[in-house]
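The structure under discussion appears below in the form of structure tokens.
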Amino acid sequence: MASRRRRLEPADAEGSLFTYFATRDELLNQLYLELKTDLREAMLSAVPQAATARDKLRHAWQQYVHWGVTFPQKRRALAQAGPIPAFPA
């Protein structure tokens, strides 16, 4: 007998996700910030201080590409995400 998966309804998420976040927008904004912070840290890690501006930019670009290849799910999520219009500046 095949088992069926029950579709997750928005009401189901309230008990778990919204324990930590008051609204969906707050959750998505926090996710966006976490992903951007992770990417920034990857791009700026081990920047050669004595390098030229061109070499520093190349290093950041290579780290950006490496992050995207290493974490394809994060890259896809970041590509689809963006700050919510009511995002606090």
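What to note about this one:
- Mean shadow area of the range 22-80, taken as a quarter of the surface of its Cα convex hull (nm²): 4.6 nm²
- Residue-span extension gain [GLN80 to GLU41] - 0.36 nm each, minus C-alpha spacing: 12.0 nm
Where a number appears in this text, it was derived from the coordinates with a stated rule and is not lab data. Just so we're clear, the structure is a prediction, and the values are computed from it rather than from any experiment.
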